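Inspection log for the structure reproduced underneath, given as structure tokens.
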Amino acid sequence: MAPAGRLGNLQGLRRRIQHGDGIFWLVTLGFALLVISLVGIIGIVMWNGSADARAQFGLSFLWTDGWDPVNGEYGALPAIYGTLLTSAIALLLAGPLGVFIGVFLSELCPMRLRSSLSFLVELLAAIPSVVYGMWGVFVLVPFFRTYIARPITSTIGKEIPFLSGPVGSGRSLAVAGVILAIMILPTIASITRDVLAVVPNHQREAMLAVGATRWEMIRRSVLPYAQAGIIGGMMLGLGRALGETMAALMIVGSYKDSVPQSVFSPGITAAALVASELPNANDFLHESTLILIALVLFGITFLLNGAARLLVWRTARGPAGARA
Amino acid sequence: MISPAPNYRRRRMFDRVMRSMTVAATIAALVPLVLIIGYVLVRGLGAWSVDFFTQSYQPPVVSGGLSSGGEVANAGGVLNGIIGTILIVGTAMLIATPIGILAAIFLAEYPGNSVATVVRFCTDVLSGAPSIIVGVVVYYEIVRRIGADGKPLGFSGLAGSIALAILIIPIITRTTEEMLKLVPNTTREAAMALGAPKWWLTFTVVLPTALSGIATGVLLAFARAAGETAPLLLTILGNNQVSFNMLEPMAALPLLTYKYTDTPFPAQNELAWGTALLLTVLVLTMNLLVRWATSKRAGR
């Protein structure tokens, strides 16, 4: 006979649900669903907000030149071109540099310096983008104008339209690309570092055993092993560059009328266009078109980040909540 | 005797060159860091004064008349921005922290759920999305929403707080989840063995154990929220006076930095450097605190 009382339900392993447990599960589930719904809300609101523009233009306005809402011209091509060009410059500069830094930090750096140098590189990511923009306006733009833009435009710029002047205030797509490169460098560097760190040692030891130099070991066994993760890191960096608003807004020169011929002339990026015009939109169609541009931007970064996460999937990143 | 391969010297030279290029790359990354912090420190400190911290916006009054060369007599200060940032970021933290922590509790305490996978995916999407997107959404849904009295709700500090909260919820959720997962299951089981219900043991045993880690996540979120400008551009508009009314337009430090960078008056540009220094000091302090707390925890 089973003893009665507290030990009575030892027979049959029934899970004890205590009072309060059900509500606890419900409440925390509710907040988790709330987080999910935020993404849904963002998508739905932007879909609704862009309804007018979608009905009027479809997506054709993305490759139409000439942004002049006052006169009814809604060609977003200057913005798309500016976004793509500045992000391409940023990735071209920061990609290889970031990989080199990641290689140094994970393979070649002395142990005692490793965490301090990593911290310093990641500090670049912590600086607010408006500070980047301000520093860019007062320091980088004049420097770039004097030592890079004017020399190039007055020499080979005379032959190649893409590199031609005139260089006015110095705010241009080129400088914006450089600032974006500085901003995405820590992302690429730290992801490369983390991805390289989890490459198993047998790869390295095998190469060294057959007499490779350290660089050959890195180049031929470690980097290829980690290349998916490195590409993922570059895609995350690219996503950040595409969406960067304030620094681009302050530096790119705000020229929206047409696609600029030269990289050293002012232009506009999509995010900067939306940020500068949305609060003062002339009419509902203008506002709706801007929201549609924002929706396209969201979609692109969504896809890019999704693909990047898949590539960097199994990387040990630690408590990396604030890092992209 | 083993003799080295004939091209060994060339390979060794190449190896040295490439390795020093990686060192050069790292130094090249630190150059902008030093330049930015250096410039902000030097020019920002020049702007810091008692007036800077205690006064609000002053319209640029050119002393000596328009022909004097444009010396602005009194550039004022950024008190409106300081108060605004404290209020707006504080409210955003108040909104986001409970939501983030409770969602993280769900992820950590009920693992293996399909909801959990979707939540993690959503936090990734939110943290990777351009911050302007959140600003657009809050602008469209709140600032432009027609209220009960037939007028749009308009720009307000509260709208800015909501936008910032949406931005930082993923940060808090992810770091809290990771910290909660680090609490060993034996702790939970010990509490359960003593008869504690799950909700009680989560709040009195698990959370306090993970508290320092959660606090670092909150600090990081605070630093991020304080520096964000794009969503504020579309939601709070800015205010030239010190205002404590969250339902009206307010000022904030990052917005002031942006505004004062674009004005033609050097005295106001100085204010931009000053606010940038304030923001950078804030953000750097938070990051240093987080690093110190993390290393202390790792050393334990």
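For this structure, a couple of remarks:
- Each 5 Å bin from zero up to the one holding the largest Cα-Cα distance in the stretch B:72-164 carries the following percent of pairs: 3, 11, 13, 17, 17, 14, 11, 7, 4, 2, 1, 1, 0.
- Accessible-area value, B:THR235, 1.4 Å probe, nucleic acids and ligands omitted, Å²: 0 Å²
- For the stretch B:162-275, the Rg and Dmax computed from alpha carbons only, in angstrom: 21.1, 70
- For the stretch A:65-81, Karplus couplings with θ = phi - 60° (6.51, -1.76, 1.60), whole Hz, Gly/Pro x: 7, x, 9, 8, x, 4, 9, x, 9, 10, x, 8, 4, x, 5, 5, 4
- Ranked by the mean number of other Cβ atoms within 10 Å of their residues, highest first, the peptides A:198-208, A:245-255, B:219-229, B:83-93 fall in the order A:245-255, B:219-229, B:83-93, A:198-208.
- Within the protein assembly as shown: Cβ-based charge dipole about Cα centre, in debye rounded to nearest 20 (Lys, Arg +1; Asp, Glu -1): 2780 debye
- Rolling a 1.4 Å probe over the protein heavy atoms gives chain A an accessible area of 45 Å² per residue.
- Principal semi-axes in Å for the stretch B:222-300 [√(5λ), Cα gyration tensor, largest first]: 30, 17, 9
- Total charge dipole magnitude, the stretch A:191-268, about the Cα centre, Cβ charges on Lys, Arg, Asp, Glu only, Debye to nearest 20: 180 debye
- Which of A:LEU59, A:GLY75, A:PRO128, positive extreme of dipole for the stretch A:48-146 (C-beta unit charges): A:PRO128
- The stretch A:133-279, Rg to Rh (Cα coordinates; Rh as Kirkwood inverse mean 1/r): 1.15
- Sites A:VAL70 and B:ARG145 - FRET efficiency at Förster radius 30 Å, r taken between beta-carbons, to 0.05: 0.70
- Heavy-atom SASA rank of A:THR192, A:THR146 (probe 1.4 Å, accessible area, largest first): A:THR146, A:THR192
- Per-q log10 I(q)/I(0), the protein assembly as shown, q = 0.05, 0.07, 0.10, 0.12 Å⁻¹ (Debye; single scatterer per alpha-carbon; no solvent): -0.25, -0.49, -0.96, -1.32
- Listed residue (A:LEU238, A:MET250, A:PRO260) projecting farthest to the positive dipole end of the stretch A:192-324, Cβ model: A:LEU238
- Each 5 Å bin, from zero up to the one with the longest distance, holds this percent of the alpha carbon pairs of the stretch A:58-215: 2, 8, 11, 13, 14, 13, 12, 9, 7, 6, 3, 1, 0, 0, 0.
- Computed E for A:THR155/A:TRP25 - FRET, C-beta separation, R0 51 angstrom, nearest 0.05: 0.15
- The B and A chains share an interface that buries close to 7600 Å² of accessible area, total over both sides, probe 1.4 Å.
- For the protein assembly as shown, with all protein chains in place and a probe radius of 1.4 Å, 66% of the accessible heavy-atom surface sits on carbon or sulfur.
- Here each label is just a point 7 Å from Cα along the line to Cβ, and for B:PHE203 and A:GLN227 those points are 5.4 nm apart.
- Over the C-alpha atoms of the stretch A:14-123, the Rg to Rh ratio, Rh being the Kirkwood estimate, stands at 1.25.
- Computed [θ] at 222 nm, helices only, for chain B once each DSSP H run of length n ≥ 4 contributes -39500 (n - 2.57): -22500 deg cm²/dmol
- Straight-distance candidates among the lysines for linking to B:LYS296, with alpha-carbon spacing under 25 Å and chain neighbours fewer than 8 residues away dropped: B:LYS181.
- Measuring with a 1.4 angstrom probe and ignoring ligands and nucleic acids, B:TYR110 comes out at about 40 Å² accessible.
- Efficiency of FRET from Cβ geometry, B:SER49 and B:PHE14, R₀ 60 Å, rounded to 0.05: 0.60
- Basic side chains Lys and Arg get +1 at the Cβ, acidic Asp and Glu get -1 at the Cβ, and with that the dipole of chain A about its Cα centre reaches some 1580 debye.
- Each of B:THR175, B:LEU79, B:SER295 was placed along the dipole of chain B (beta-carbon charges, centred on the mean Cα), and the one lying farthest toward the positive end is B:SER295.
- Overall dimensions of chain A as given by Cα atoms, namely Rg and Dmax in Å: 25.8, 102
- For residues of B:161-174, the mean tally of beta carbons on other chains within 10 Å: 2
The values are calculated or read from the model by the stated rules, or taken from the named source; none is laboratory data. Keep in mind that this is a model prediction, so the values were computed, not measured. As a convention, Cβ positions derive from the backbone with ideal geometry for all residues, glycine included, and neighbour counts pool all protein chains shown. Note: accessible area is taken over every heavy atom of the protein model, side chains too, but ligands, DNA and RNA are not part of it. Shrake-Rupley method; radii C 1.70, N 1.55, O 1.52, S 1.80 Å.
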